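J.: One structure, as structure tokens, below. Some questions next.
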Amino acid sequence: MSLSDSSSHGGEDSDPPTEAHSSPDARREIYRTAARDLGNPVACEKLKKGETLDDDHQILVKTNIHGVRMNLDPKIIVYQYHVNLMKRHVDNKTGNLVDYPMYNMLGLDTDYFKVNRRRMTTKIFKVLCDTYPVFGHANNFVYDSANTFFTFNELPKDRKIYEIDEDLSTEWLGRKNQIYLEIVNPESPVQFNVKDFSHISRNFKVYNQEVIRFLELATSHYPINHTGEHIMYNNTATYFMDPTRYGYTHQDLRDLGNGKYISIGASKNVLSIEGPTMRAAAALSIDSKKVLYYHTGTLLDIICRLCDIRNPHGTFDSRHFTKIRGFIKKLVCHRAYGDFGNATVVLYDIRPMTADTYTFNAGEGRNPTVQQYLREKYEIELEFPHLPMVCEMMPNKSLSFYPLEVLRIADFQRVGAGTTPDDIREIIRSTAVAPNVKQVEVDRSYKSFNFENNAFMNTMGISIMEKPIVVSARLLTAPSIQYANGTDQPQVNGTWRMNKQALFLRPGVCDGWACVLIESGGQTNFEEFKNFGRMYWAEANRRGLVMPQPLDCLAVASDREALKDVFLSAVNMRCKFLLIGHPDKENTLHSAIKTLERKHDIVTQCVKTSTLSKVAAQRSQLTLENLVMKGNVKMGGLNYSIKLKTMPIDEGVLFLGFGLSAPGAGFGTVTPTDEKKPQKQPDTAADADDIKKRAYSVIGYAANDSEHHDEFTGNFLLQPSYRDDKVVVSQLIFEDVFSRYLKNHNNVAPTRVILYRNGCTEGQFGDVLRYELPHLRTAMKTHFQCSSKNKIPLTVIVPSKVHSVRFFNSTINPQDKAMDQNICPGVVIDSAVTHSAFCEFYLNSHRAIQGTAKTPKYSIIYNDDEDATLDMFERWTNALCYDFQIVNSPTSLPAPAYIANRYAERGRMLLNCYEDTSLRNGQAANSAVVPPVVPAPLPPPPPPPAVNGNGEEPHHEDEDSGSASGSSLHQDLLSQHFYLHSLLINYNERPDLRRRRLNA
């Protein structure tokens, strides 16, 4: 359908717009009702597979997926029980017997306790097998160390409790405890056949994964029971006690020199694939893993290495305290004195009090210093009593203090919150291995699980095929790149170069601009920077940009006050664009610049000093071209258009992408339950600030809602962090995008809407269909006036890189560079290894420069266009990956999704800077006092269509039916300040910035 055809969606066959539909309050009430009319959580049917056309190539690719062969008796039934493994002890205060679950010892879920819990529960079940014959042999069951227990033997229906007395506990477990296993509802266990995959369907109302969970445990039986070789925190990954057993060398265990080192392991995931026969089958994806661990050793030694302290006889300054706090939070240690065995100390903080001055009540009227107490009771003479001490939070909320030199770090602890940017760079360097090396690592990972010696799998008759699956794939043709005066065709590797005479399709306009160098200690001299500015200006004009000479070129100090003065001067000069050079490692000022950009309505482009030096000193034309391309987009221009020869993209299609920036787990994360509880008071101002920032998730979005169909701009909104399973601000996004589209297209509706719903896991597909889809459908109806007569087709595609599948060329030359060993851009796989129930394809659109390419997976969960084909979505998605506009190569995700992620990142940056009142816009008060929005009640909307796009009856539920979270979800949005806080930092109130690609 052409763009002109889309006029029918607003023509005489449709209902005319009414004031009730067009007013914001009326539309808000329509959305409220849409939230009550929940969508049907059924994914669309599979589409016809793509075809190899004239310009395509058929190829074979290897995978890291191994087939699961099941030679078991089809009559074998697996019983799944919900269990509680409990420990009973006498409460010291009350004298009463108290039970608590073994899987949550001490209420802590840190790595040390996870590992020891799994090892302890493995021993306990061996004792149960020897004590109670009903459990059968240890090879007849698997247990997840928490609440799920699978067995071949049906347990007695009339017995719930199985006890281990104290004598057996002492003999087997080395401790005198009364332990018992409680079987919840033994009379009605879940029963299933391992070969039955019927419950893994596209209907999320009946979708369950008992078979998947069972196979995850079954294939982990060997590492679970061989704790001398493996460390396991969950059922899908293992880390090696001795990686040299599996072909690695000591050089592979990289010591970072700061109390941390990189260790090696393996992961596996059970998949339900369609297989070569198009029937659901189990398979196992296997990959290598590398993770950052804490060194064991005395806490003082590790902290000295962390802070690069060579002489601990000195003192710690504030920088040391900041670094140590991030390192020790929830770190588990053992005492290096006394007869405490493996008793643990869970660190809470570091405080300035020292062992030679801090006193405490030791009973009997004594108040010794910590140094005196250790000397008198344990005959320990401290070597460094003047150093600050770490503390542990006791159950009664008091603090217990320990000198650094008397604690040693416990084993099995991965680095979490203590990860630094330098650590991340080292991990990336370690994990980014070429495909030929990655294949070797995958083979080692396969062998590490020792499937052939897995006693439980052998008993079941389950085996894992040694050779990974080889699958047929297609290499799609890239789109052509169209400039104002010519066309380029990308090479096989996806890249292209602009012709020297090429002009931007739509040059940007800048009436006034200036160059600013943030001084960086001599890294770049000012003359070199001025030369860079001249080269940038010349290249911009050569490509068609309308840019006069810069109003000024100046150097400023590397601090915020100087930056604020620069922006104020720019406002007075009516400057609309600042080209800013800044030090390579200066991240704080970069955030401040982007916050001041939003505050003063002045577009900025930041260039690292090493990059501008590459242009000015090394004369890199490619780097200069990329910088000018980026600048043109920021100034409202469009560099090029993409054109597909086969299945060209309809210019009337509205593409929309979502992206999510969630707060990191940790202090201050808010949950609905927490809101009803007295909030934990922060210890410091930094903690208080952290709580505010962690209350928000940032939803970025981007769409081609501007005048040109290849131009993507966007924005971001804030929402409660505990609602990351749903985009609760979706109605506001649709309102913004659809209104802009109509305004920029003469009130003509789009011919089709395609949503790339990023940031969503497979387990959340049902929520998207249930809660977000009704808002999208309602928004389309109210804005585009579509009806059953002139329906606008809608498709929802979920891109994901969070999966475990890898693809390799069938033959690899180890001498080639990593980028040449990887599969080419445009490789698409839509059969054999795709999901057995969902419509799915893998598309490798990008060129992996280092390491092994991670091919994104695309799941089409909703589609109501009967004429659409999988081939069309594959080709359009691949083409959109060439539409990022600021580099001459494709991205890993299509432009709407990729750019939406960038807007989410920008929103997180602005949110983090918002609390600096000197940077933020002063037009509104702090978010804590923003009043709620409570709309007046309005009439209900028109009824929904009789049948939804997936061929299912629409689903409705009453508000009090127990599934009224759609309604309460909407009330969260209305009754809290999230939306108004969004307006303080996003681009809604800055229309000149909103129409540009600021995150380019």
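The values are calculated or read from the model by the stated rules, or taken from the named source; none is laboratory data. Here the structure is a predicted model, which means the values were calculated and not measured. FYI the Cβ positions are ideal-geometry reconstructions off the backbone, even for glycines, and counts take in every protein chain you see. Heads up: the accessible areas ignore ligands, DNA and RNA and are worked out on the full protein's heavy atoms, side chains in. Shrake-Rupley method; radii C 1.70, N 1.55, O 1.52, S 1.80 Å.
J.: I'd like the residue in segment 258-280 that is open to solvent by 10 Å² or more (accessible area, probe 1.4 Å) and more than 28 Å from the chain's Cα centre (by Cα) and, out of all such residues, is nearest to Glu762 (Cα to Cα).
T.: Once the filter is applied, the top-ranked residue is Ala280.
J.: Next question. Restricting attention to segment 601-617, does a residue exist that is without any contact (Cβ under 8 Å) to a residue 40 or more places away in the chain, surrounded by 15 or more Cβ atoms within 10 Å (Cβ to Cβ) and part of a helix (DSSP H, G or I)?
T.: yes
J.: I've got another one for you. Taking strands (runs of 3 or more DSSP E) that do not extend beyond segment 138-239, which have at least 3 residues that are free of Cβ contacts under 8 Å to residues at least 60 places away in the same chain? Walk me through it before giving the result.
T.: Working: elements: 141-143, 148-151, 161-164, 178-184, 190-192.
Once the strands (runs of 3 or more DSSP E) in segment 138-239 are filtered for at least 3 residues that are free of Cβ contacts under 8 Å to residues at least 60 places away in the same chain, what remains is 161-164.
J.: Moving to a separate point now. Could you tell me which numbered condition Pro243 fails, if it satisfies all but one of (1) surrounded by 17 or more Cβ atoms within 10 Å (Cβ to Cβ); (2) touching a residue at least 40 places away in the same chain (Cβ under 8 Å); (3) under 30 Å from Thr420 (Cβ atoms)?
T.: Looking at each condition in turn, Pro243 falls short on (2).
J.: Can you spot a residue in segment 261-278 that is in contact with an Asp or Glu (Cβ under 8 Å, 6 or more places away or on another chain) and part of a loop (DSSP other than H, G, I, E, B)?
T.: no
Results for (1) of a type in the set (S, T, N, Q); (2) under 14 Å from Leu475 (Cα atoms); (3) in contact with a Phe, Trp or Tyr (Cβ under 8 Å, 6 or more places away or on another chain); (4) open to solvent by 30 Å² or more (accessible area, probe 1.4 Å), shown as yes or no for each residue.
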residue	(1), (2), (3), (4)
Asp816	no, no, no, yes
Val827	no, yes, yes, no
Thr834	yes, no, yes, no
Ala848	no, no, no, no
Ser859	yes, no, yes, no
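J.: Quick check on my filter: what residues within segment 193-222 are buried (at least 18 other Cβ atoms within 10 Å of the Cβ) and either more than 37 Å from the chain's Cα centre (by Cα) or within 26 Å of Thr121 (Cα to Cα) (or both)?
T.: Val194, Glu210, Val211, Phe214, Leu215, Glu216, Leu217, Ala218, Thr219, Ser220, His221, Tyr222
J.: Right, here's the next one. Find all pairs meeting these conditions: Cβ atoms under 8 angstrom apart; at least six residues apart or on different chains; first residue within segment 50-73 and under 30 Å from Glu441 (Cα atoms) and in contact (Cβ under 8 Å) with a residue 40 or more places away in the chain; second residue open to solvent by 70 Å² or more (accessible area, probe 1.4 Å) and part of a strand (DSSP E or B).
T.: Correct list of pairs: Leu60/Val470; Val61/Val470; Lys62/Val470; Thr63/Val470.
J.: Considering only segment 308-344, state which residues are of a type outside the set (Ser, Thr, Tyr), closer than 19 Å to Gly416 by Cβ and not in a loop (DSSP other than H, G, I, E, B). Reasoning before the result, please.
T.: Narrowing segment 308-344 to residues of a type outside the set (Ser, Thr, Tyr): 308-314, 316-317, 319-321, 323-336, 338-343.
Narrowing the set further to residues that are closer than 19 Å to Gly416 by Cβ leaves 323-333.
Those that are of a type outside the set (Ser, Thr, Tyr), closer than 19 Å to Gly416 by Cβ and not in a loop (DSSP other than H, G, I, E, B): Lys323, Ile324, Arg325, Gly326, Phe327, Ile328, Val332, Cys333.
J.: While we're on this one: For segment 70-95, give me the residue count where each residue is closer than 30 Å to Glu274 by Cβ and under 33 Å from the mean Cα position of the chain (by Cα). Explain how you work it out, then say what you get.
T.: Taking segment 70-95 and keeping what is closer than 30 Å to Glu274 by Cβ, we get 70-80.
Filter once more, so that each one left must be under 33 Å from the mean Cα position of the chain (by Cα): 80.
Counting residues in segment 70-95 that are closer than 30 Å to Glu274 by Cβ and under 33 Å from the mean Cα position of the chain (by Cα) gives 1.
J.: Select from segment 739-763 the residues that are polar (S, T, N, Q) and open to solvent by 40 Å² or more (accessible area, probe 1.4 Å) and list them in ascending order. Lay out the reasoning, then the answer.
T.: Step one: list which residues in segment 739-763 are polar (S, T, N, Q), which gives 739, 744, 746-747, 751, 758, 761.
Ser739, Asn744, Asn746, Asn747, Thr761, listed by residue number.
J.: OK, next. Name the residue, out of Leu755, Leu769, that is assigned to a helix (DSSP H, G or I) and of a type in the set (A, V, I, L, M). If you could, list the steps in order and put the result at the bottom.
T.: On the way: Leu755 fails: assigned to a helix (DSSP H, G or I).
Exactly one residue qualifies, and that residue is Leu769.
J.: Scan segment 325-362 residue by residue and report those that are free of Cβ contacts under 8 Å to residues at least 40 places away in the same chain and open to solvent by less than 30 Å² (accessible area, probe 1.4 Å).
T.: Once the filter is applied, which keeps residues that are free of Cβ contacts under 8 Å to residues at least 40 places away in the same chain and open to solvent by less than 30 Å² (accessible area, probe 1.4 Å), segment 325-362 yields only Thr354.
J.: Suppose we keep only residues that are farther than 21 Å from Asn531 by Cα and of a type in the set (Gly, Ala, Ser) within segment 571-600. Which one would you say is least open to solvent (accessible area, probe 1.4 Å)?
T.: My answer is Ala592.
J.: For Lys630, all conditions in the list (1) in contact with a strand residue (DSSP E or B) (Cβ under 9 Å, 6 or more places away or on another chain); (2) outside any helix (DSSP H, G or I); (3) open to solvent by 30 Å² or more (accessible area, probe 1.4 Å); (4) not hydroxyl-bearing (Ser, Thr, Tyr) hold save one; what is the number of the exception?
T.: Every listed condition holds for Lys630 apart from (2).
J.: Here's something else I'd like to know. Quick one: which residue in Ser889, Ser804 is part of a loop (DSSP other than H, G, I, E, B), open to solvent by 10 Å² or more (accessible area, probe 1.4 Å), in contact with a Ser or Thr (Cβ under 7 Å, 6 or more places away or on another chain) and under 23 Å from Ala703 (Cα atoms)?
T.: Details: Ser804 fails: under 23 Å from Ala703 (Cα atoms).
The conditions single out Ser889.
J.: If you don't mind, there's one more thing I want to ask. Could you please let me know if Arg408 is open to solvent by 40 Å² or more (accessible area, probe 1.4 Å), more than 44 Å from the chain's Cα centre (by Cα) and not aliphatic (A, V, I, L, M)? Outline the logic, then answer.
T.: On the way: open to solvent by 40 Å² or more (accessible area, probe 1.4 Å): yes; more than 44 Å from the chain's Cα centre (by Cα): no; not aliphatic (A, V, I, L, M): yes.
Judged against the criteria, Arg408 is not a match.
J.: Has segment 655-665 got at least one residue that is modelled with pLDDT of 60 or more, in contact with a Lys or Arg (Cβ under 9 Å, 6 or more places away or on another chain) and part of a helix (DSSP H, G or I)?
T.: Checked against the condition, which is being modelled with pLDDT of 60 or more, in contact with a Lys or Arg (Cβ under 9 Å, 6 or more places away or on another chain) and part of a helix (DSSP H, G or I), segment 655-665 yields no hits at all.
J.: Next up: Read through the list (1) among the polar types (S, T, N, Q); (2) free of Cβ contacts under 8 Å to residues at least 12 places away in the same chain; (3) surrounded by 19 or more Cβ atoms within 10 Å (Cβ to Cβ), then give the number of the only condition that Gln413 fails.
T.: (2)
J.: Here is a check on your reading of the model: is Pro435 touching a strand residue (DSSP E or B) at 6+ places or on another chain (Cβ under 6 Å) and not hydroxyl-bearing (Ser, Thr, Tyr)?
T.: Numbers: touching a strand residue (DSSP E or B) at 6+ places or on another chain (Cβ under 6 Å): yes; not hydroxyl-bearing (Ser, Thr, Tyr): yes.
Considered against the rule, which asks whether it is touching a strand residue (DSSP E or B) at 6+ places or on another chain (Cβ under 6 Å) and not hydroxyl-bearing (Ser, Thr, Tyr), Pro435 comes out as yes.
J.: Leu505 is checked against (1) under 31 Å from the mean Cα position of the chain (by Cα); (2) crowded, with 17+ Cβ neighbours inside 10 Å; (3) over 22 Å from Ser620 (Cα atoms); (4) of a type in the set (A, V, I, L, M) and fails just one. What number does that condition carry?
T.: That leaves (1) as the condition not met.
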